[in-house]
Amino acid sequence: MPELPEVEVTRRQLEPLLVGRRVARVYTTVPSYFFLTPPTELRRRLRGRRFELVERIGKYLLARLDNGDRLLLHLGMTGQIFGSGIASVRLLSSAAGASLTPEAQLEAFRPDKHTHLRVRFDDAGPEVIFRDARKFGKVQLMRPDEPSERLDRLGPDALAARGRRLFAEIRTRRVAIKSLLLDQSLLAGVGNIYADEALFLAGVRPTRPGRRVTAEECERIARAVRKVLRRSIATGGSSISDYVQPDGSDGAYQDERRVYGREGEPCPRCRARIRRHVIGQRSSHYCPRCQT
Ligand SMILES: [Zn+2]
(Lines give C-alpha, C1' and ligand atoms only; values in the text may rest on other atoms or scores of the structure.)
Protein backbone atom coordinates (compact mmCIF):
# COMPACT_ATOMS: atom_id res chain seq x y z
CA MET A 1 0.00 0.00 0.00
CA PRO A 2 1.51 3.34 -1.02
CA GLU A 3 2.54 5.49 1.94
CA LEU A 4 4.03 8.97 2.17
CA PRO A 5 7.29 8.21 0.28
CA GLU A 6 5.55 6.53 -2.65
CA VAL A 7 3.05 9.40 -2.87
CA GLU A 8 5.82 12.00 -2.67
CA VAL A 9 7.85 10.25 -5.39
CA THR A 10 4.66 10.16 -7.49
CA ARG A 11 4.13 13.88 -6.85
CA ARG A 12 7.64 14.80 -7.93
CA GLN A 13 7.36 12.88 -11.20
CA LEU A 14 3.76 13.89 -11.83
CA GLU A 15 4.51 17.60 -11.55
CA PRO A 16 6.33 17.89 -14.91
CA LEU A 17 3.71 15.58 -16.50
CA LEU A 18 0.85 17.88 -15.45
CA VAL A 19 1.93 21.43 -14.72
CA GLY A 20 1.45 23.92 -17.55
CA ARG A 21 -0.49 21.44 -19.71
CA ARG A 22 -4.08 21.90 -20.84
CA VAL A 23 -6.60 19.06 -20.75
CA ALA A 24 -8.03 18.12 -24.13
CA ARG A 25 -10.07 15.09 -23.14
CA VAL A 26 -10.70 12.83 -20.16
CA TYR A 27 -11.57 9.14 -20.32
CA THR A 28 -13.06 7.28 -17.35
CA THR A 29 -14.65 3.98 -16.45
CA VAL A 30 -18.27 3.81 -15.28
CA PRO A 31 -19.39 5.28 -11.91
CA SER A 32 -18.04 3.41 -8.87
CA TYR A 33 -16.77 4.10 -5.36
CA PHE A 34 -13.49 5.07 -6.99
CA PHE A 35 -15.11 8.34 -8.17
CA LEU A 36 -16.07 10.76 -5.40
CA THR A 37 -16.98 13.13 -8.23
CA PRO A 38 -19.22 11.41 -10.82
CA PRO A 39 -17.21 10.52 -13.95
CA THR A 40 -19.43 12.54 -16.34
CA GLU A 41 -18.95 15.64 -14.19
CA LEU A 42 -15.23 14.96 -13.92
CA ARG A 43 -14.87 14.70 -17.71
CA ARG A 44 -16.84 17.90 -18.28
CA ARG A 45 -15.16 20.04 -15.62
CA LEU A 46 -11.58 18.98 -16.41
CA ARG A 47 -11.77 19.61 -20.14
CA GLY A 48 -9.99 22.82 -21.20
CA ARG A 49 -8.37 23.34 -17.76
CA ARG A 50 -4.65 23.79 -17.23
CA PHE A 51 -2.78 22.29 -14.27
CA GLU A 52 -0.82 24.73 -12.12
CA LEU A 53 0.79 22.74 -9.34
CA VAL A 54 0.80 19.38 -7.61
CA GLU A 55 0.87 19.21 -3.82
CA ARG A 56 0.91 16.34 -1.35
CA ILE A 57 -0.95 16.24 1.94
CA GLY A 58 -0.23 13.05 3.87
CA LYS A 59 -1.00 10.24 1.39
CA TYR A 60 -3.16 12.51 -0.83
CA LEU A 61 -2.14 14.28 -4.00
CA LEU A 62 -3.80 17.59 -4.86
CA ALA A 63 -3.39 18.98 -8.37
CA ARG A 64 -4.51 22.59 -8.66
CA LEU A 65 -6.16 23.85 -11.85
CA ASP A 66 -6.16 27.32 -13.42
CA ASN A 67 -9.73 27.98 -12.21
CA GLY A 68 -8.81 27.18 -8.59
CA ASP A 69 -10.41 23.72 -8.56
CA ARG A 70 -8.33 20.98 -6.97
CA LEU A 71 -8.12 17.42 -8.23
CA LEU A 72 -7.64 15.07 -5.30
CA LEU A 73 -5.98 11.73 -6.05
CA HIS A 74 -5.47 8.90 -3.57
CA LEU A 75 -3.63 5.73 -4.53
CA GLY A 76 -5.53 3.51 -2.07
CA MET A 77 -4.08 -0.02 -1.94
CA THR A 78 -3.14 -0.75 -5.54
CA GLY A 79 -3.32 2.61 -7.33
CA GLN A 80 -0.82 3.42 -10.07
CA ILE A 81 -0.38 6.86 -11.63
CA PHE A 82 1.91 7.13 -14.62
CA GLY A 83 2.56 8.65 -18.03
CA SER A 84 1.44 6.79 -21.16
CA GLY A 85 4.05 4.96 -23.20
CA ILE A 86 5.82 3.37 -20.24
CA ALA A 87 6.31 -0.35 -19.68
CA SER A 88 6.36 -2.19 -16.36
CA VAL A 89 5.42 -5.73 -15.36
CA ARG A 90 3.55 -4.12 -12.45
CA LEU A 91 1.03 -2.74 -14.96
CA LEU A 92 -0.11 -6.25 -15.87
CA SER A 93 -2.52 -8.35 -13.88
CA SER A 94 -0.60 -11.16 -12.16
CA ALA A 95 -2.34 -13.75 -14.36
CA ALA A 96 -1.47 -11.99 -17.61
CA GLY A 97 2.02 -11.09 -16.41
CA ALA A 98 2.91 -14.73 -15.78
CA SER A 99 1.71 -15.98 -19.15
CA LEU A 100 3.39 -13.35 -21.32
CA THR A 101 6.85 -13.62 -22.80
CA PRO A 102 9.45 -11.17 -21.50
CA GLU A 103 9.23 -9.25 -24.79
CA ALA A 104 5.45 -8.88 -24.53
CA GLN A 105 5.79 -7.76 -20.91
CA LEU A 106 8.00 -4.88 -22.00
CA GLU A 107 5.49 -3.54 -24.49
CA ALA A 108 4.08 -0.12 -23.64
CA PHE A 109 1.00 -0.12 -21.45
CA ARG A 110 -2.39 -0.19 -23.15
CA PRO A 111 -5.46 1.04 -21.24
CA ASP A 112 -7.41 -1.86 -19.69
CA LYS A 113 -10.52 -2.30 -17.52
CA HIS A 114 -8.57 -1.12 -14.47
CA THR A 115 -7.69 2.18 -16.17
CA HIS A 116 -10.21 4.40 -14.38
CA LEU A 117 -8.89 7.82 -15.37
CA ARG A 118 -6.95 8.86 -18.43
CA VAL A 119 -6.18 12.48 -19.23
CA ARG A 120 -5.19 13.57 -22.73
CA PHE A 121 -3.64 16.99 -23.27
CA ASP A 122 -3.76 19.49 -26.14
CA ASP A 123 -0.09 18.87 -26.94
CA ALA A 124 1.67 15.82 -28.33
CA GLY A 125 3.00 14.77 -24.90
CA PRO A 126 2.09 11.68 -22.88
CA GLU A 127 -1.31 11.08 -21.33
CA VAL A 128 -1.58 10.79 -17.56
CA ILE A 129 -3.14 7.53 -16.43
CA PHE A 130 -4.61 6.41 -13.10
CA ARG A 131 -5.02 2.66 -12.91
CA ASP A 132 -6.25 0.73 -9.89
CA ALA A 133 -6.96 -3.00 -9.93
CA ARG A 134 -8.77 -3.04 -6.57
CA LYS A 135 -10.39 0.40 -6.80
CA PHE A 136 -9.63 1.50 -3.24
CA GLY A 137 -8.10 4.63 -4.77
CA LYS A 138 -10.07 7.85 -4.99
CA VAL A 139 -10.58 10.74 -7.40
CA GLN A 140 -12.40 13.92 -6.48
CA LEU A 141 -12.60 17.33 -8.13
CA MET A 142 -13.07 19.96 -5.43
CA ARG A 143 -14.18 23.58 -5.83
CA PRO A 144 -11.68 26.18 -4.53
CA ASP A 145 -13.22 26.54 -1.07
CA GLU A 146 -14.95 23.21 -0.86
CA PRO A 147 -14.29 21.69 2.57
CA SER A 148 -12.86 18.19 2.68
CA GLU A 149 -13.47 15.89 5.61
CA ARG A 150 -10.63 13.68 4.41
CA LEU A 151 -8.07 16.48 4.37
CA ASP A 152 -9.34 18.40 7.40
CA ARG A 153 -8.92 15.47 9.77
CA LEU A 154 -5.26 14.91 8.88
CA GLY A 155 -2.59 15.61 11.49
CA PRO A 156 0.79 17.17 10.73
CA ASP A 157 2.77 15.72 7.85
CA ALA A 158 4.96 12.82 8.98
CA LEU A 159 8.05 14.38 7.37
CA ALA A 160 7.67 17.08 10.02
CA ALA A 161 7.04 14.62 12.92
CA ARG A 162 7.95 16.14 16.30
CA GLY A 163 8.58 14.09 19.42
CA ARG A 164 7.15 16.61 21.85
CA ARG A 165 3.85 16.81 20.02
CA LEU A 166 3.68 13.03 19.62
CA PHE A 167 4.26 12.58 23.35
CA ALA A 168 1.51 15.10 24.19
CA GLU A 169 -0.93 13.29 21.89
CA ILE A 170 -0.31 9.74 23.10
CA ARG A 171 0.64 10.04 26.77
CA THR A 172 -2.81 9.00 28.02
CA ARG A 173 -3.63 6.51 25.28
CA ARG A 174 -3.96 2.77 26.00
CA VAL A 175 -3.74 1.93 22.29
CA ALA A 176 -0.55 0.27 20.96
CA ILE A 177 2.07 2.73 19.69
CA LYS A 178 1.98 0.98 16.31
CA SER A 179 -1.75 1.72 15.89
CA LEU A 180 -1.19 5.31 17.04
CA LEU A 181 1.46 5.84 14.36
CA LEU A 182 -1.02 4.63 11.73
CA ASP A 183 -3.66 7.11 12.95
CA GLN A 184 -3.64 9.76 10.20
CA SER A 185 -5.11 12.37 12.55
CA LEU A 186 -1.97 12.15 14.71
CA LEU A 187 0.58 11.97 11.90
CA ALA A 188 -0.29 12.03 8.20
CA GLY A 189 1.45 9.70 5.79
CA VAL A 190 2.77 6.79 7.87
CA GLY A 191 1.53 3.32 7.00
CA ASN A 192 2.42 -0.21 7.99
CA ILE A 193 5.90 -0.46 6.47
CA TYR A 194 7.36 2.78 7.77
CA ALA A 195 5.73 2.46 11.20
CA ASP A 196 7.45 -0.93 11.69
CA GLU A 197 10.78 0.38 10.39
CA ALA A 198 10.67 3.53 12.54
CA LEU A 199 9.80 1.59 15.71
CA PHE A 200 12.72 -0.74 15.06
CA LEU A 201 15.14 2.19 14.71
CA ALA A 202 13.71 3.75 17.86
CA GLY A 203 13.96 0.46 19.81
CA VAL A 204 10.28 0.56 20.84
CA ARG A 205 8.10 -2.55 20.62
CA PRO A 206 4.98 -1.94 18.46
CA THR A 207 2.64 -3.47 21.05
CA ARG A 208 3.59 -0.99 23.80
CA PRO A 209 0.60 1.17 24.87
CA GLY A 210 1.00 4.85 23.99
CA ARG A 211 0.94 5.90 27.64
CA ARG A 212 3.96 3.69 28.35
CA VAL A 213 6.15 5.45 25.79
CA THR A 214 8.42 8.07 27.33
CA ALA A 215 9.07 11.60 26.05
CA GLU A 216 12.61 10.61 25.13
CA GLU A 217 11.33 7.59 23.17
CA CYS A 218 8.83 9.82 21.37
CA GLU A 219 11.78 11.96 20.27
CA ARG A 220 13.52 8.84 18.97
CA ILE A 221 10.36 7.66 17.19
CA ALA A 222 9.78 11.05 15.53
CA ARG A 223 13.41 11.16 14.40
CA ALA A 224 13.19 7.58 13.08
CA VAL A 225 9.93 8.33 11.21
CA ARG A 226 11.54 11.30 9.45
CA LYS A 227 14.66 9.26 8.69
CA VAL A 228 12.95 6.22 7.13
CA LEU A 229 10.57 8.40 5.09
CA ARG A 230 13.38 10.59 3.74
CA ARG A 231 15.49 7.55 2.90
CA SER A 232 12.60 5.86 1.13
CA ILE A 233 11.85 8.97 -0.95
CA ALA A 234 15.53 9.07 -1.94
CA THR A 235 15.39 5.45 -3.15
CA GLY A 236 12.09 5.91 -5.05
CA GLY A 237 9.79 4.30 -2.44
CA SER A 238 8.91 0.64 -1.85
CA SER A 239 7.77 -1.46 -4.80
CA ILE A 240 6.39 -4.42 -2.87
CA SER A 241 3.20 -5.14 -4.82
CA ASP A 242 1.65 -2.75 -7.32
CA TYR A 243 3.43 0.51 -6.70
CA VAL A 244 5.21 1.87 -9.74
CA GLN A 245 6.77 5.28 -10.26
CA PRO A 246 5.09 7.51 -12.89
CA ASP A 247 8.02 6.83 -15.25
CA GLY A 248 7.53 3.06 -14.90
CA SER A 249 10.53 2.30 -12.71
CA ASP A 250 10.47 0.46 -9.40
CA GLY A 251 11.42 1.93 -6.04
CA ALA A 252 14.27 0.30 -4.12
CA TYR A 253 13.45 0.82 -0.45
CA GLN A 254 12.08 -2.72 -0.12
CA ASP A 255 15.70 -3.93 -0.25
CA GLU A 256 16.57 -1.78 2.78
CA ARG A 257 13.75 -2.90 5.08
CA ARG A 258 15.12 -4.03 8.41
CA VAL A 259 12.04 -5.77 9.88
CA TYR A 260 8.94 -5.28 7.71
CA GLY A 261 8.04 -8.53 5.94
CA ARG A 262 11.11 -10.26 7.43
CA GLU A 263 9.46 -12.59 9.94
CA GLY A 264 11.84 -15.40 10.95
CA GLU A 265 14.89 -13.68 9.46
CA PRO A 266 17.76 -12.57 11.72
CA CYS A 267 17.64 -9.05 13.16
CA PRO A 268 20.21 -6.90 11.30
CA ARG A 269 21.49 -5.62 14.65
CA CYS A 270 21.49 -8.60 17.07
CA ARG A 271 20.65 -11.64 14.90
CA ALA A 272 17.58 -12.61 17.00
CA ARG A 273 14.69 -13.81 14.82
CA ILE A 274 12.26 -11.08 13.68
CA ARG A 275 8.75 -11.70 14.98
CA ARG A 276 5.37 -10.89 13.50
CA HIS A 277 2.44 -9.91 15.64
CA VAL A 278 -1.03 -8.78 14.54
CA ILE A 279 -2.05 -5.45 16.07
CA GLY A 280 -5.36 -3.87 15.09
CA GLN A 281 -5.65 -6.32 12.15
CA ARG A 282 -2.29 -5.19 10.76
CA SER A 283 0.90 -7.26 10.77
CA SER A 284 3.67 -5.77 12.89
CA HIS A 285 7.27 -6.89 12.61
CA TYR A 286 9.82 -6.35 15.37
CA CYS A 287 12.96 -7.69 17.02
CA PRO A 288 12.12 -9.22 20.43
CA ARG A 289 15.58 -8.28 21.73
CA CYS A 290 16.22 -4.79 20.33
CA GLN A 291 12.67 -3.49 20.86
CA THR A 292 11.30 -3.31 24.40
ZN1 LIG B 1 17.64 -7.21 17.32
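The values are calculated or read from the model by the stated rules, or taken from the named source; none is laboratory data. Treat the numbers as computed from the prediction; the structure is a model and nothing was measured. Positions of Cβ are generated from backbone atoms using ideal geometry, with glycine treated the same way; all protein chains shown enter the neighbour counts. When the accessible area is computed, the model is the full protein with side chains, heavy atoms only, and any ligands, DNA or RNA have been set aside. Shrake-Rupley method; radii C 1.70, N 1.55, O 1.52, S 1.80 Å.
Here are the numbers:
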quantity: Residue check for residue 181: within 16 Å of the ligand (Cβ to nearest atom), part of a helix (DSSP H, G or I) and more than 30 Å from residue 18 (Cα to Cα); calculated: no
quantity: Residue within segment 209-226 that is open to solvent by 70 Å² or more (accessible area, probe 1.4 Å), within 16 Å of the ligand (Cβ to nearest atom) and out of contact with any Asp or Glu (no Cβ under 9 Å at 6 or more places or on another chain) present; calculated: yes
quantity: Which listed residue is within 30 Å of residue 108 (Cβ to Cβ) and touching a residue at least 60 places away in the same chain (Cβ under 8 Å), from 194, 243, 286; calculated: 243
quantity: Any pair with Cβ under 8 angstrom, 6 or more apart, that starts in segment 250-273 at a residue that is closer than 25 Å to residue 2 by Cα and basic (Lys, Arg) and ends at one that is assigned to a helix (DSSP H, G or I) and more than 9 Å from the ligand (Cβ to nearest atom); calculated: 257/193; 257/197; 258/197; 258/201
quantity: Total residues in segment 238-292, condition assigned to a loop (DSSP other than H, G, I, E, B), more than 16 Å from the ligand (Cβ to nearest atom) and of a type in the set (D, E, K, R); calculated: 3
quantity: Residue count, segment 184-200 (criterion: buried (at least 20 other Cβ atoms within 10 Å of the Cβ) and assigned to a helix (DSSP H, G or I)); calculated: 8
quantity: Positions within segment 12-34 being more than 21 Å from residue 122 (Cα to Cα) and surrounded by 22 or more Cβ atoms within 10 Å (Cβ to Cβ), in sequence order; calculated: 34
quantity: Segments classed as strands (runs of 3 or more DSSP E), wholly inside segment 106-148, with at least 3 members that are modelled with pLDDT of 95 or more and out of contact with any His (no Cβ under 9 Å at 6 or more places or on another chain); calculated: 115-121
quantity: Search result, residues across segment 262-292 that are aliphatic (A, V, I, L, M), open to solvent by less than 30 Å² (accessible area, probe 1.4 Å) and under 26 Å from the mean Cα position of the chain (by Cα); calculated: 274, 279
quantity: Verdict on residue 151 being among the hydrophobic types (A, V, I, L, M, F, W, C), surrounded by fewer than 23 Cβ atoms within 10 Å (Cβ to Cβ) and in a helix (DSSP H, G or I); calculated: yes
